[in-house]
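Taking it in order: structure first as structure tokens, then the write-up.
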Amino acid sequence: MRGHSLDPFADRYAERTHGMTASEIRALFAVVSRPEVVSLAGGMPAVTTLPLDSVGSMIGEMVRRLGAHALQYGSGQGDPRLREQILQVMALEGITEASADEVVVTVGSQQGLDLISRVFLNPGDVVLAEGPSYVGALGTFQAAQAHVVHVTMDESGLEPDALAAALGELAAQGRRAKFLYTVPNYHNPAGVTLGEDRRAQVLALAEAHDLLVIEDNPYGLLGFEHEPLRALRARGTDRVIYLGSFSKTFAPGLRVGWVLAPHAVKDKLVLASEAQVLCPPALSQLVVAEYLESQPWLEQVKVFRELYRERRDAALDALTALMPAGVRWTRPEGGFYVWVTLPGGLDAKAMQPRAVHARVAYVPGIGFYADGQGREHLRLSYCFPEPDRIREGVRRLAGVIEEELELRATFLGTDPSRAGGGQSHGQADTPAPDLP
């Protein structure tokens, strides 16, 4: 056995392991950990802005008071007090017709995605997802051996006409999508937000085609321009399963998220969770519950919003000032990310070695598609670096892109100043780009 394979266990693995690949983000860990590299890659929240002394004291007091409970096994569905508090959090986005019994606490919303996949997906099933889409969701669907069909987006989010076309094509093939996966608010990676009118259109299509909708909403409270938008789940209770997380509004290290699902689905999710982890960590749940009860957490969300707005502005200003002609990008109204489109046939994945040499990191767009698209795109994250570091990172990236354009122009015998064919997005009178 050991002589015919580099992996002596290769012939023993389950088929589903063939869909398990390292994400583009994980592949960058060795690079972004170097202090000389400006990382515009990972979406790490700025937890240093939390009142860490107060949070530390709160946790110590909680363990003294509730340690026997906090350090013990808990319910497979999650702590009852926390599930009641989650209802209050979701009410900020208009979700008022829900009960704590419909909430399943998870080890981050990533586990929620895995549970949904376990409950709904058989090998070969079709999942509709925005193109581009969250890399963690794609990895989960691929591990479940599902076939992901991307639906195009533009500056207003998922395009209802494209969704209708995808549903029609599947019906013509005698196939049916198990569900639509969407990140409607401050999309990861695209940074765009699903418009109000489109929310109604998407739900109308879901109703007409008996389509389940998975609404993943980790950034909903982190808008810069307005109050939280009404969630899809607030508009369509029976066919929308909602995923939430405290990773962006409190602390990702606690790994606490949740799923809001109809009762029948909730029961299946609890069974799947118990088989997977037995129960979510009681200590992490009680820390979040104490935080929501004893700390001014809504004020802290406002601190996060202002901090990320400042960093978003630094990124957009630097892109406008420094990027070569033809580079385009989205203008996020919240969240963590800017989606950049390269000019002149440049390949963001192939460009990475030059970027690493220039000491700047980003995530190539190909990682956000299940079908090989996205080579001309890249994702920039502005949530973690200080504004000056963001500007320096964009300066380095702009230099890399200029060098790539010059090399390509030399190879093709063209004028590099004309390779992009237009102004940078973000300048006056320049329309937002379509997202393929």
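Could you please find all residues in the range 178-198 being free of Cβ contacts under 8 Å to residues at least 40 places away in the same chain and closer than 25 Å to Leu121 by Cβ?
In the first step, residues of the range 178-198 are kept if they are free of Cβ contacts under 8 Å to residues at least 40 places away in the same chain; the result is 194-197.
Within the range 178-198, Leu194 is the sole residue that qualifies.
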Requested in this report: Return only the number of the condition from (1) under 22 Å from Phe336 (Cα atoms); (2) at pLDDT 95 or above; (3) assigned to a loop (DSSP other than H, G, I, E, B); (4) not β-branched (Val, Ile, Thr) that Glu215 does not satisfy.
Outcome: (3)
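Check the range 156-166 and report whether any residue there is buried (at least 18 other Cβ atoms within 10 Å of the Cβ) and within 24 Å of Ser247 (Cβ to Cβ). Show your work before the answer.
Restricting attention to the range 156-166, the residues satisfying the condition of being buried (at least 18 other Cβ atoms within 10 Å of the Cβ) are 157-160, 163, 166.
Okay, now just the ones that are also within 24 Å of Ser247 (Cβ to Cβ), so 157-158.
Yes, the conditions are met somewhere in the range 156-166.
Considering only residues of the range 379-425 that are part of a helix (DSSP H, G or I) and hydroxyl-bearing (Ser, Thr, Tyr), which is modelled with the lowest pLDDT?
Applying the first criterion (part of a helix (DSSP H, G or I)) to the range 379-425 yields 387-412, 416-418.
With hydroxyl-bearing (Ser, Thr, Tyr) added as a condition, the list becomes 410, 417.
Working: Thr410: 82, Ser417: 53.
Taking the candidates together, the pick is Ser417.
Given the structure, is Thr320 over 30 Å from Pro51 (Cβ atoms), buried (at least 20 other Cβ atoms within 10 Å of the Cβ) and at pLDDT 95 or above? Break it down into steps so the answer makes sense when it comes.
Working: over 30 Å from Pro51 (Cβ atoms): yes; buried (at least 20 other Cβ atoms within 10 Å of the Cβ): no; at pLDDT 95 or above: yes.
Spelling it out, it is not the case that Thr320 is over 30 Å from Pro51 (Cβ atoms), buried (at least 20 other Cβ atoms within 10 Å of the Cβ) and at pLDDT 95 or above.
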Query raised in the report: Can you find a residue in the range 202-220 that is over 24 Å from Leu138 (Cβ atoms) and crowded, with 18+ Cβ neighbours inside 10 Å?
Result: no
Requested in this report: Among the candidates Leu292, Leu260, single out the residue that is more than 21 Å from the chain's Cα centre (by Cα) and under 30 Å from Asp101 (Cβ atoms).
Outcome: Leu292
Query raised in the report: Out of the range 342-375, which residues are crowded, with 20+ Cβ neighbours inside 10 Å, over 30 Å from Thr49 (Cβ atoms) and either without any contact (Cβ under 8 Å) to a residue 40 or more places away in the chain or more than 18 Å from the chain's Cα centre (by Cα) (or both)?
Result: Leu342, Pro343, Gly344, Leu346, Ala348, Met351, Gln352
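Among the listed residues Arg233, Arg199, which satisfies the condition of being touching a helix residue (DSSP H, G or I) at 6+ places or on another chain (Cβ under 7 Å) and either under 22 Å from Ile95 (Cβ atoms) or among the polar types (S, T, N, Q) (or both)?
Arg199 is the lone residue from the list that is touching a helix residue (DSSP H, G or I) at 6+ places or on another chain (Cβ under 7 Å) and either under 22 Å from Ile95 (Cβ atoms) or among the polar types (S, T, N, Q) (or both).
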Query raised in the report: Restricting to the range 170-201, what's the tally of residues that are in contact with a Phe, Trp or Tyr (Cβ under 6 Å, 6 or more places away or on another chain) and not in a loop (DSSP other than H, G, I, E, B)?
Result: 1
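Being farther than 21 Å from Ala251 by Cα, surrounded by fewer than 21 Cβ atoms within 10 Å (Cβ to Cβ) and either touching a Ser or Thr at 6+ places or on another chain (Cβ under 9 Å) or in contact (Cβ under 8 Å) with a residue 24 or more places away in the chain (or both) is the filter here, so list the residues in the range 272-290 that pass it. Spell out the reasoning first.
The first filter runs over the range 272-290 and keeps only residues farther than 21 Å from Ala251 by Cα, leaving 272-276, 278.
Those still in the list that are surrounded by fewer than 21 Cβ atoms within 10 Å (Cβ to Cβ) too: 272, 274-276, 278.
Result: Ala272, Glu274, Gln276, Leu278.
Output yes when any residue across the range 114-137 is of a type in the set (D, E, K, R) and free of Cβ contacts under 8 Å to residues at least 12 places away in the same chain, and no when none is.
Taking every residue of the range 114-137 in turn, none turns out to be of a type in the set (D, E, K, R) and free of Cβ contacts under 8 Å to residues at least 12 places away in the same chain.
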Query raised in the report: When both residues are 6+ apart or on different chains and their Cβ atoms are under 6 Å apart, which pairs have a first residue that lies in the range 37-60 and is assigned to a helix (DSSP H, G or I), and a second that is charged (D, E, K, R) and surrounded by 17 or more Cβ atoms within 10 Å (Cβ to Cβ)?
Result: Met58/Glu290
Report task. Please enumerate the residues belonging to the range 327-341 that are out of contact with any Cys (no Cβ under 7 Å at 6 or more places or on another chain), crowded, with 22+ Cβ neighbours inside 10 Å and assigned to a loop (DSSP other than H, G, I, E, B). Result -> Val327, Thr330, Pro332, Gly335
Query raised in the report: Do we find that Phe250 is outside any helix (DSSP H, G or I), aromatic (Phe, Trp, Tyr), in contact with a Pro (Cβ under 9 Å, 6 or more places away or on another chain) and modelled with pLDDT of 95 or more in this structure?
Result: yes
Query raised in the report: Being buried (at least 16 other Cβ atoms within 10 Å of the Cβ) and more than 26 Å from Val192 (Cα to Cα), is that true of even one residue in the range 90-98?
Result: yes
**Report entry** Among (1) modelled with pLDDT of 95 or more; (2) of a type outside the set (A, V, I, L, M, F, W, C); (3) in a loop (DSSP other than H, G, I, E, B) - the single one Ser284 does not satisfy
**Finding:** (3)
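The values are calculated or read from the model by the stated rules, or taken from the named source; none is laboratory data. Because the structure is a prediction, the values reported are computed rather than measured. So basically every Cβ, Gly included, is an ideal-geometry build from the backbone, and we count neighbours across all protein chains shown.
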